[in-house]
Amino acid sequence: MIIAVISTFAQFAVSINYNMVDYLPKASPSTIAMDTMEEEFNGAVANTRVMIKDINIPEALAFKKDLEAIEGVSEVTWLDDAIDTKTPIEVADSATVESYYKNGNGLFSFHIEEGKEVKTTDAIYQLIGEKNAMSGEALDTATSQKMTGKETMYATALLVPIIILILILSTRSWAEPVFFLTAIGISVLINLGTNIFIGEISFITQSVAPILQLAVSLDYAIFLLHSFADYRKQTDSPAEAMQMAIKRSFPAIAASASTTFFGFIALAFMDFEIGADLGLNLVKGIALSFISVMVFLPTLTLMFYHWIDKTEHKQLLPSIRNVGKTLTKFRIPALIILLILIIPSFLGQSKTNFIYGIGEQPEASRAYSDEAAIEKVFGKHTPMVLLLPKGDIAKEESLVQKLKDFSEVKSTISYVDAVSPAIPPEYLEASVTEQFFSDNYSRIIVNTSVDTEGEATFAFIDQIKSLTSDYYNEDYHLLGESVTLYDMKQVVEKDNTVVNLLTVIAIAIVLLITFRSLSFPVVLLVTIQSAVWINLSIPYFTNTPLVYVGYLIISTVQLAATVDYAILLTEAYKENRKEMHALPAIKKTIDEKIFSIGVSASILSSVGFILWLTSSNKIVASIGLLLGRGALLAFIMVVLVLPALLIVLDKVIEKTTWKANFYKGK
């Protein structure tokens, strides 16, 4: 309790990182490019835009100074950086002018310093008022930052009553749900507080990990207290009943925790470090939940078990009789459906259209309406920055002209655009040239009309890379939000194979040790992995883009979290099979365990769907939807397909299981 109280306060000292770029590998091209530009130039890539309506050029120049004066704002770019505004704009290149000034509207691009997004965007909104608009990556980060805390509280406020309701319906004491939630709740608090030793966690971890830990590990507490209730019928000593309950439930809880623990460890092997960030938190959470259930919960229960006795009530849900007999009738259709679905699902989940960034803001938000207003006047705007070896102005001019030939390029800002290739830079003052040249590099800003991400955007980035390579080989750097997402795509696609393979291997080893069998692990993994593939293929067949980080995480989390259902059913079946033939054994097992599995699945599914409904962040919402749907699919697979596989493969299982001792009678 002391550690939990300290952790409650310590969690407020943990900083939350909202910048996905920070989790790219240090060796990725865009990370190296960003570091290079920070070393060489004072400024950074523009990550925000502001549109001011009904403004003339002198007013726009004055507004630019006001914008530059706001703390956190730097590198404000407008028309005067591309052309000489002292000359009539009618004689200037119209495409360049309309990138910044169109129909009396001025568009300003600038950079907001990392860590100051909320404070700075609030100050800008005060400056521009309601009728003008702002959009960009920094505003998206600020919006996410404001919403994450509120939405986590909102999700918890919805979730806890639902979990309590499920637990009340599934137990025979009003006090038992309090014991369950106290044991796991304390481990969640300690997990959040111990993040102070890490120093910083991602907003995805902050949003997902506590709720996921609660949902996944609540089973451990349920296992223990159900065993305690059973043994209290056999002895008058609560302490003795608890000792027997711990001894009996320890193997099941340890196996359940181990599969989840090692499944989550696989996330730490992602090159995209968001996986390690979330994986470490979940692994730590599972370990703390296991310790809490094995050490804290028995102590708490023995101190206050009389509350359980005093608050007993009748079973609120009616018993479902002969459900095993009914479900086993569908074993052949279930296997046929699985055989029909498994290959299309496997292929479909690998062909889904992915989103690599946060995606659009909620339609009800100002950020969404502002972005739409800016795009209506100026179109899409995705700036990129090229850093080229300094020195050859003629080569740079040739490259700039070739870049302008691309239909996707609206304008460029470079020395050859703003000054002249005929004037040597050394003849000019540093204040004129410093935005274009450093000691080693020349900088070109390329304003494009492509989306932030997508196949067309990534193909265009390939074209820019190819063109620049023709001039400078590999001796250049390209950066910008879309370039970062391009690199993210390259990194996470490699991660997918590694993480999934490690998850399957880790869980297979745990199952091999648990069941001392070659066939049981295969049957269980086929059952749960099929549910994962079906779940992840639905976006492909419904033509819905899927946030890739959500896809990558859930492919591990669903397998690690829901394999417990299969373990629970299979362990009971293995014992029943020693006393009767396969079909009656599976019928009895389903009758005994469907209620417990249903409670676990309903809690995990509720967690997922509530995250989906309450989160405005596309990554968190995507994880929620996949988790909610995945838990339901896993439940269906475990009660329909797994029994069918156990019956059909009974002979194989017996021969490949050490000391199976299956019933041989008539």
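Quick notes on this one:
- Alpha-carbon centroids, segment 480-544 and segment 348-427: separation in whole Å: 36
- Protection-proxy order for peptides 53-66, 253-266, 605-618, each taking the mean of Cβ atoms within 10 Å per residue, highest first: 253-266, 605-618, 53-66
- For segment 171-312, relative contact order (Cα pairs under 8 Å, six or more residues apart, normalised by length) works out to 39 percent.
- Relative to the globular-protein estimate of 2.2 N^0.38 Å, the Cα radius of gyration of segment 99-216 stands at 1.59.
- Note: relative contact order over segment 246-288, using C-alpha pairs below 8 Å and six or more positions apart, is 36 percent.
- Per-residue ellipticity at 222 nm computed for the chain from its helices equals -21000 deg cm²/dmol, with DSSP H segments shorter than 4 residues left out and the rest contributing -39,500 (n - 2.57).
- Residue order for THR657, THR120, THR171, fewest other beta carbons within 10 angstrom first, comes to THR657, THR120, THR171.
- Cα centroid separation, segment 432-449 to segment 157-210 (Å): 51
- Computed across segment 556-666, the Kirkwood radius stands at 15.2 Å (inverse of mean 1/r, all Cα pairs).
- Cβ-placed point charges (K, R +1; D, E -1), dipole of the chain about Cα centre in debye, nearest 20: 5300
- As computed over segment 469-577, the Cα convex hull volume per residue (Å³): 144
- Whole-number percent relative contact order across the chain, with pairs defined as alpha carbons under 8 Å at least 6 apart: 19
- Along principal axes, Cα extents of segment 171-312, largest first, whole Å: 55, 25, 23
- Calculated P(r) of segment 370-447 - Cα pairs past 19 Å, %: 40
- Within the chain, the whole DSSP H helices whose Cα atoms reach 24 Å or more along their own axis and whose mean Kyte-Doolittle score is at least -0.5 are 137-170, 176-193, 203-232, 238-265, 274-291, 331-349, 455-472, 481-515, 519-541, 548-577, 582-614, 618-636.
Each value in this text was obtained by applying a stated rule to the coordinates, not by laboratory testing. Source: prediction; values computed, not measured. Using ideal geometry, Cβ is built from the backbone for each residue, glycine included, and neighbour counts are taken over all protein chains shown.
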